[in-house]
Amino acid sequence: MTYVDDFPGEARVVRTAFAIAFASIGLGGALGVLQALFRTGYSRSLFSSVDYYSILTAHGVLMALVFTTFFIVGLFTWGVTRSLDTGFRDLRFTWGWLGLMTLGTVLAFVTILGGIVGFIPTHAAVLYTFYAPLEASPTFYLGLALLVVGSWGAGVDYVLALLDWRAEHPDERIPLQTFMAVATMLLWVVCTLGVAVEVVVFLLPWSLGLIPRVDPLLTRTLFWYFGHAVVYFWLLPAYFVWYTIFPKLSGGRLFSDPLARVVFVLFLVLSTPVGVHHQYGDPGLSQGLKFVQMTSTYFILLPSLLTAFTVVASMEHGARQRGGKGLLKWLRALPWENPSFSGIALAGLAFAASGFGGMVNAGLNVNALVHNTMWVPGHFHLTVGTAVALTFMAITYWLLPQLTGKRLRLRTLAAVQPYLWFVGMVFMSNAMHRVGLAGVPRRTSEPQYEQVLFNTPIATMGELHLQTVGGAFILFASLLCFLAVVLSTWLGERGAEPLAVNGHIPEALSGPEHSPRILDDFRVWVALTFLLLLIAYGPPLAAMVQNGLFAPGSAPIPV
Ligand code: HEM
Ligand SMILES: [Cu+2]
């Protein structure tokens, strides 16, 4: 039996969420190409410089907020109901939160569009990182708030399903996929509290004209309280795929279930109290506070390194099950022609590379070199733009037949798609990193600064611009392949041929019985999270509030 036969209602929810995610990555990708053409000077007559900021906002919101969130709630809906083997309590509630998310997305998108076309009287050229002093129309903030609140509804559904399952299985360990989904949603709720306060208490009343001004430092701090942890909200669902499905695709089983649980708990606890590492350049926050948060930032390297170990070990185990031998020759025994496998393996490789850049960004002193240069988009197109996005595309090839009951079509296009994405990103991201080192600023339509000469140690600026644009076109070609495969599979006939995938996921080599029970007690971990948050954010927020809630700047906080 495939998933769609067992859970037809939930399968429709997942398909709908995925459809919105894919529409959003398609449109976002087209805008990405426009940005690349514009800012490298290849085509500066496409639109006006001023519109660049609205286009960038649309690209960032569609890719980083809409594509990711819709895909994630769909993926987890599949994972939770599959691993618990129970449906959701009431699908009307489920459609309710999905509808809310969709409404919010439309509202935010139309608001951004208003900045480009004349006949909609709105604007939101605030980039996808929204804080004062940049101001958008109220419908932008309202839309994003609905998107977030809707996604909380998904978390409620997962927890309710877990409680129903718990009533029938009082002594069993939480199935790994559900454990991961719930841990990730807890992280999401904890971190979105910051942005919820920012939007509801400050930005929305301000853009409605109800309050005359807000404190930029306070809104930035609330934003970044959310803005770092959100990257783990994107990444953990990719880890969910790497831990629970990838070992099977490699031909084997997960190495250690307990280690996977430890990793997710570490992320829940450690990922929010580090947001100040995005504010190294901000005045008003003390050097001591920045130093403390730099140290805790380096702690989150630990669960990623554990992941690298476990996932590669599971992959090697799979390769050896398939007859792979030797120190490294086993790599050849892996199914590189299977796009689900190759996509995830390449995503992992990009992620390993981006880890080094991440360590650079996190360093309080080295950060000054790359801060707000093109290095930063170079970094996150490898992380969220490849490690996450490519994993999501790759696993779609495996999930779609189970969600539709239809066999995957255009397999050759599917097989080349991950490689195209990887190559495109190697070009674009490499060039972005390097022009960043030369000092070219990020997110501006005027990066050319004619009176300033950018010096590159190797290659010329012209070559790097060509790499950026070339990479962008390869990426877009890859996206078109992906969308073609998805669309033709979706429109294909059901039951014409047997499905080529089987959704069974084997047990881990070391199962959940080897982990202490306290790992499954989320109350403990959420309490610890709040304790760390109090230590990390209590003093700076208290100082800012003391200075007056709406004061346009706070005195520096001594530590
Ligand atoms: C076809 C593929 C893509 C292309 C060609 C592309 C290209 C670009 C370019 C040229 C910029 C502007 C950089 C600047 O002016 O500073 C940008 C920004 C951005 N991209 Fe992409 N991108 C692609 C895919 C993605 C994906 C898959 C994601 C995330 C899932 C993503 C997330 C972002 C974000 C969040 C920004 C805003 C950056 C900021 O505010 O600094 N992009 N992209
Ligand atoms: Cu960060």
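Straight-distance candidates among the lysines for linking to residue 248, with alpha-carbon spacing under 18 Å and chain neighbours fewer than 8 residues away dropped, are absent.
Measuring nothing but how far apart in sequence close Cα pairs (under 8 Å, 6+ apart) lie, relative to its length, the range 329-395 scores a relative contact order of 50 percent. Loop-located trypsin sites (Lys or Arg not before Pro) in the range 1-107 (DSSP state other than H, G, I, E, B) with a sparse environment of at most 14 neighbouring Cβ atoms within 10 Å: 89. Surface listing: 342, 45 arranged by accessible area from highest to lowest gives 45, 342, probe 1.4 Å. The distance linking the range 39-98 with the range 217-239 is 15 Å (Cα centroid to Cα centroid, whole angstrom).
Ranking of 47, 130 by solvent-accessible surface, largest first: 47, 130 (1.4 Å probe, protein heavy atoms only, all chains present).
Extension gain, residue 369 to residue 322, is 12.3 nm, computed as 0.36 nm per intervening residue step minus the present C-alpha separation.
Extension gain, residue 295-residue 119: 0.36 nm per intervening residue step, less the Cα-Cα distance, totals 58.4 nm. Rolling a 1.4 Å probe over the heavy atoms of the protein chains gives the chain an accessible area of 39 Å² per residue. For the chain, relative contact order (Cα pairs under 8 Å, six or more residues apart, normalised by length) works out to 18 percent. About the centre of its Cα atoms, the chain shows a dipole size close to 880 debye [charges on the beta carbon of Lys, Arg (+1) and Asp, Glu (-1) only; nearest 20 debye].
Bridging of residue 290 to lysines at a Cα separation below 26 Å is possible for none of them, once same-chain residues fewer than 8 apart are set aside.
Counting only GluC sites (Glu not before Pro) that DSSP places in a loop and that have at most 16 other Cβ atoms within 10 Å, the longest clean stretch of the chain runs over 1-171.
Look at where the Cα atoms of the range 170-198 and of the range 248-270 average out, and the two centres are 15 Å apart. Across the range 165-297, the mean sequence separation of Cα contacts (distance under 8 Å, 6 or more residues apart), normalised by length, yields a relative contact order of 31 percent. Seen from residue 496, the other residues with C-beta closer than 11 Å to its C-beta sum to a net charge of +2, counting Lys and Arg as +1 and Asp and Glu as -1. Of all aspartates and glutamates in the structure, those lying under 14 Å Cα to Cα from residue 325, and not within fewer than 8 positions of it along the same chain, are 316. For the range 392-455, the percent of C-alpha pairs falling in each 10 Å distance bin, counted from 0 to the bin holding the largest distance, reads 18, 30, 19, 18, 13, 3. Take residue 325: with every protein chain present and a 1.4 Å probe, its accessible area is about 140 Å². With a 1.4 Å probe rolled over the protein heavy atoms of all chains, the accessible area of 206, 234 falls in the order 206, 234, largest first. Here the chain was treated as a single set of alpha-carbon atoms; its pair distances binned every 10 Å from 0 give 4, 17, 29, 29, 16, 5, 1, 0 percent. Using the alpha-carbon centroid of each, what span in Å lies between the range 424-481 and the range 404-418? Value for the Cα centre distance between the two parts: 31 Å.
The values are calculated or read from the model by the stated rules, or taken from the named source; none is laboratory data. Bear in mind the structure is a predicted one, so any value in this text is a computation, not a measurement. Note that each Cβ is placed from the backbone with ideal geometry, even for glycine, and that neighbours are counted across all protein chains shown. Note: accessible area is taken over every heavy atom of the protein model, side chains too, but ligands, DNA and RNA are not part of it. Shrake-Rupley method; radii C 1.70, N 1.55, O 1.52, S 1.80 Å.
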